[in-house]
Amino acid sequence: MTSRRTRARLVELLRAQGIRSGVVLDIMQDVPRHLFIDEALASRAYENTALPIGFGQTISSPYIVARMTEVLLQRGPLGRVLEIGTGSGYQTAILARVAESVYTIERIEALLTRARWRFHKMHLRNITTRHGDGSAGWLEAAPFDGIIAAASPAEIPASFLEQLAIGGRLVMPIGVDAQRLLSITRSEDGYIQEELEAVSFVPMLSGDR
Ligand code: SAH
């Protein structure tokens with residue numbers, strides 16, 4: 001179930017769904033998604049679907065992780081990246097392979113504890129974690145070349161736009177019922193927004209637990 005062939009099949013599926021970046025496809029082949037979910041669900045790790053990770057949250061589907069990473073990388077090499085909604089840590093581990101450093105925030109402490117343990121076991125040393133509400137971003141570590149959110153708010157938090165470097169890119173869902181994936185790139189004189197596709201994420205919530 002965790003064999004090379006199973007993973008190769010997933011990569012073929014991602015390619016068929018329009019993922020073009022060879023770098024991203026290679027990483028999707030490499031990163032062991034089964035280590036980010038409960039053992040009881042591990043046999044489904046290489047299906048292209050979101051799966052429950054407890055606390056009413058889900059690990060994102062391989063497609064959406066690949067897609068968001070690809071869109072982020074289109075702007076060029078990534079120094080610092082901010083992620084809102086660590087969840088299982090799967091997207092974080094993938095970002096850690098393409099960015100110099102990753103800052104990730106999760107509001108549910110129990111999920112973050114598990115994710116941190118996985119990063120430790122996998123020797124991922126360029127990830128800094130924080131427990132709390134990520135909607136204010138991470139001012140002390142800003143500016144970021146990339147910001148990714150895996151939870152959907154009603155409106156784009158101003159902090160995300162402010163904490164983007166010039167030339168940096170924000171990739172996130174927006175909306176409560178009907179969600180759309182947005183890519184927003186900061187230029188010298190403003191922000192360029194692109195709508196990518198319809199998506200379905202868990203809501204971005206305030207406060208922590
Ligand atoms: N990429 C993750 C997605 C997890 S689901 C994965 O593949 O596992 C999204 C996560 O965002 C959930 O764990 C949820 O608790 C978290 N979240 C929601 N609102 C948040 C907020 N305001 N700040 C930080 N994390 C938040």
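For the chain, averaging the sequence separation of C-alpha pairs within contact (under 8 Å, six or more residues apart) and dividing by the residue count gives a relative contact order of 15 percent. About the centre of its Cα atoms, the chain shows a dipole size close to 920 debye [charges on the beta carbon of Lys, Arg (+1) and Asp, Glu (-1) only; nearest 20 debye].
Solvent exposure of region 1-44, expressed per residue, is 61 Å² of accessible area, with all protein chains present and a 1.4 angstrom probe. Given the chain, what percent of its DSSP beta bridges are antiparallel, to the nearest 5? In the chain, approximately 45 percent of DSSP beta bridges are antiparallel ones. Near Gln179, the amide H atoms lying under 5 Å from its own belong to Val199; only residues 5 or more places off or on other chains count, and H is placed 1.01 Å from N. Residues whose amide H lies under 5 Å from that of Leu51, counting only those 5 or more places away or on a different chain, are Ile59; hydrogens are built 1.01 Å from N in the peptide plane. Just check region 1-144 against the gyration tensor rule for me: Cα atoms, a ≥ b ≥ c as the square roots of the eigenvalues, rounded for a/c under 1.5, and otherwise prolate or oblate depending on whether a/b exceeds b/c. Note, shape of region 1-144 comes out oblate. Would you mind calculating the relative contact order of region 163-209 from Cα pairs under 8 angstrom and at least 6 residues apart, reporting the percent as a whole number? Once normalised by length, the contact order is 31 percent.
State whether region 122-204 is rounded, prolate or oblate according to the following rule on the C-alpha gyration tensor (a ≥ b ≥ c being the square roots of its eigenvalues): a/c under 1.5 gives rounded; otherwise a/b larger than b/c gives prolate, and the remaining case gives oblate. The partial results should precede the final answer.
Details: a/c = 1.70, a/b = 1.14, b/c = 1.49.
Judged from the Cα gyration tensor, region 122-204 comes out oblate (a/c at least 1.5, b/c at or above a/b).
At full extension, Thr6 and Ala136 could sit 42.9 nm farther apart than now, given 0.36 nm per residue minus the alpha carbon distance. Accessible area per residue for region 121-209, computed on protein heavy atoms with a 1.4 Å probe, is 52 Å². Scalar couplings 3J(HN,Hα) for region 51-58, obtained by applying the Karplus form with A = 6.51, B = -1.76, C = 1.60 to θ = phi - 60°, are 9, x, 10, x, 6, x, 10, 9 Hz; x denotes Gly and Pro.
With Cα atoms defining each centre, region 73-109 and region 140-181 are spaced 12 Å apart in the structure. Taking 7 Å steps out from each Cα toward its Cβ at Arg97 and Ala40 produces label points 2.9 nm apart.
In this structure, the amide hydrogen of Glu83, modeled 1.01 Å from its nitrogen in the peptide plane, lies closer than 5 angstrom to those of Tyr103, Thr104, Ile105, Ile148, counting only residues at least 5 positions away or on a different chain. Here the accessible area is traced with a 1.4 Å probe on the protein chains. For the chain, carbon and sulfur cover 50 percent of it. One chain, two ends: Tyr191 and Ala158. Fully extended at 0.36 nm per residue, the span grows by 10.7 nm beyond their Cα-Cα distance.
The values are calculated or read from the model by the stated rules, or taken from the named source; none is laboratory data. Quick caveat: nothing in here was measured; it's all calculated off a predicted structure. Positions of Cβ are generated from backbone atoms using ideal geometry, with glycine treated the same way; all protein chains shown enter the neighbour counts. Accessible surface is based on the protein model in full, side chains and every heavy atom, while ligands, DNA and RNA are left aside. Shrake-Rupley method; radii C 1.70, N 1.55, O 1.52, S 1.80 Å.
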